[in-house]
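Structure record follows, encoded as structure tokens.
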Amino acid sequence: QAKAAGRNTVRFFDPMMQAAVSARLQLETDLRSAMGGAELFLLYQPQVDEPGRIIGAEVLVRWEHPQRGLISPVDFIPVAESSGLILPLGEWIIRSACEQLRLWADQPDLASLELAVNVSARQFRDPEFVPIVLRILQETGVNPQRLKLELTESMLIEGVDLVISKMKLLKAHGLGFALDDFGTGYSSLAYLKQLPFDQIKIDQSFVRDVLDDPNDAAIARMVIVLAETLGLKVIAEGVETQAHCALLMELGCKGFQGFYFSHPVSASAIEQVMRRPTLPQASQSRRK
Ligand code: C2E
Ligand code: MG
Ligand code: MG
Ligand code: MG
């Protein structure tokens, strides 16, 4: 404690805090030097429709740290946000996703695939965000309809009007928007009717126990009905078993993403699956 250190000593950090701060700084330094290199790469997690077809994928960034191994985006995206590195990183992610879409666009069996890219709050707030996205689309020649941006409720807290106007600008060019982790943030319902989303993602925290917890099942059903009423598509995240999938289908869900269908995989793995579909069938009945 600062006081215990003596009256002439000012200590702002106890040793544990100091260790945490320097670990974070080290991570930031390492992330800075990883930018633009092969340590950072993208995986793609298939999104599946009711008959079990892959309609697209969510883009998920990965960092293979030379000493520490794979670091979760849950751990390094916040560092990227607080350091500002999210701006170049986020731009690289969108550009890479568009380059992938561009490659798929020339192949008949892959051309209809859509990619959903996560956008962080600070990235979306950047005044350059809209011009950057439009420039990337133009430079890669990608059909904007193939690109969807995932936003979370957390970024709606400050300046909803600005969020709406940016969304509308991008939507006018054909981009789609998904509301990620729905139900985990604040004041969802009031914003939902104002914001021009195309899709709601039911958060995996509700999906996980949907079979055993009647409250989670009620929330899932509510989100599905709400989406239908508002004319939005719905996709359930974290679908891990066939039983999850079957129950969600009974509740009226028509889009699915989760380990039951596929973990996040490389782009070439997606291509292989598209050419020779081997995913479990969503349409199998849970009841024998
Ligand atoms: P998210 O956008 O909600 O992504 C879904 C997360 O759930 C992914 O974790 C995915 O691997 C995981 N997941 C998918 N299916 C299942 C399942 O069946 N069971 C379980 N338990 N988990 C499943 P991941 O890749 O570790 O990403 C975590 C979060 O990090 C993402 O949550 C997103 O908020 C953020 N993130 C990931 N990639 C990016 C990115 O490129 N940019 C930004 N800004 N954030 C990203
Ligand atoms: Mg997401
Ligand atoms: Mg999510
Ligand atoms: Mg999440």
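Dipole of the stretch 228-280, Cα-centred, from +1 at each Lys and Arg C-beta and -1 at each Asp and Glu C-beta, to the nearest 20 debye? Before the final figure, lay out the partial values.
On the way: 4 positive and 5 negative charges, 47 e Å.
It works out to roughly 220 debye.
Each of M167, M274 has its accessible area taken with a 1.4 Å probe; listed largest first, they run M274, M167. Counting only alpha carbon atoms, the long axis of helix 86-105 and the longest principal axis of the chain meet at about 20°.
Across L149, L175, L211, mean-square fluctuation computed from a Gaussian network of the chain (C-alpha pairs under 10 Å connected) peaks at L211.
Tally Lys and Arg at +1 and Asp and Glu at -1 over the other residues with C-beta under 11 Å from the C-beta of S82: what net charge comes out? Write out the running numbers ahead of the final one.
Working: positive: R24, R122; negative: E28, E81.
Charge balance in the 11 Å sphere: 0.
Measuring between their Cα centroids, the stretch 32-107 and the stretch 174-232 lie 24 Å from each other. Treating each Cα of the stretch 93-153 as one equal point scatterer and applying the Debye formula with no solvent, the log10 of I(q)/I(0) at q = 0.13, 0.16, 0.19, 0.21 Å⁻¹ comes out as -0.34, -0.50, -0.68, -0.80. Overall, the stretch 116-178 carries a charge dipole of about 200 debye about its Cα centre when +1 sits on the Cβ of Lys and Arg and -1 on the Cβ of Asp and Glu, all other atoms neutral. On full extension, the segment bounded by R32 and R135 gains 34.7 nm, given 0.36 nm per residue less the C-alpha separation. 3J(HN,Hα) along the stretch 150-157: 9, 10, 10, 4, 4, 7, 8, 4 Hz, from the Karplus curve 6.51 cos²θ - 1.76 cosθ + 1.60 with θ = phi - 60°, whole Hz, x for Gly and Pro.
Rounded to the nearest 20 debye, the dipole size of the chain about its Cα centre is 120 debye, using +1 on the Cβ of Lys and Arg and -1 on the Cβ of Asp and Glu.
Quick one: accessible area per residue over the chain, 1.4 Å probe, rounded to a whole number of Å²? All intermediate terms of the calculation are to be shown ahead of the outcome.
Numbers: 14790 Å² over 288 residues.
Per-residue value: 51 Å².
Sequence-ordered 3J(HN,Hα) estimates for the stretch 47-62 from the Karplus curve with 6.51, -1.76 and 1.60 and θ = phi - 60° stand at 10, 10, 9, 4, x, x, 7, 6, 9, x, 8, 8, 8, 10, 7, 10 Hz, glycine and proline given as x.
Computed extension gain for E39 through L25, at 0.36 nm per residue and net of the alpha carbon distance, reaches 3.2 nm.
Quick one: angle between helix 160-172 and the longest Cα principal axis of the chain, in degrees between 0 and 90, rounded to 10, please. Orientation of helix 160-172: about 50 degrees from the principal axis. Dividing the summed helix terms, -39500 (n - 2.57) for each DSSP H run of n ≥ 4, by the number of residues in the chain produces a 222 nm estimate of -13500 deg cm²/dmol to the nearest 500. Name the most mobile residue of G84, G69, G141, meaning the one with the largest mean-square fluctuation, in a Gaussian network model of the chain with Cα contacts below 10 Å. Its mean-square fluctuation being the largest, the pick is G69. Charge tally around I164: other residues with Cβ under 15 Å, Lys/Arg +1 each, Asp/Glu -1 each, net +1.
Other residues lying with their Cβ under 14 Å from the Cβ of Q45 contribute a combined charge of -3, Lys and Arg counting +1, Asp and Glu -1.
To test your reading of the geometry: what angle, between 0 and 90 degrees and rounded to tens, separates the Cα axis of helix 15-34 from the longest principal axis of the chain? It works out to around 60 degrees.
Counting only protein heavy atoms and a 1.4 Å probe, tell me what percentage of the stretch 156-222's accessible area is made up of carbon and sulfur. That share works out to 54 percent. Structure remark: mean-square fluctuation, Gaussian network model of the chain, C-alpha springs under 10 Å; the largest value among G252, G52, G37 belongs to G37. Bridgeable aspartates and glutamates around K233 (alpha carbons under 19 Å apart, same-chain partners fewer than 8 residues away excluded): D49, E50, E58, E114, E150, E153, D180, D181, D198, D203, E250.
The values are calculated or read from the model by the stated rules, or taken from the named source; none is laboratory data. This structure is a prediction, so every number in the text was calculated from the model and none was measured. Note that we place each Cβ from the backbone using ideal geometry, even for glycine, and neighbour counts take in every protein chain shown. Ligands, DNA and RNA are excluded from the accessible area calculation, which covers all protein heavy atoms including side chains. Shrake-Rupley method; radii C 1.70, N 1.55, O 1.52, S 1.80 Å.
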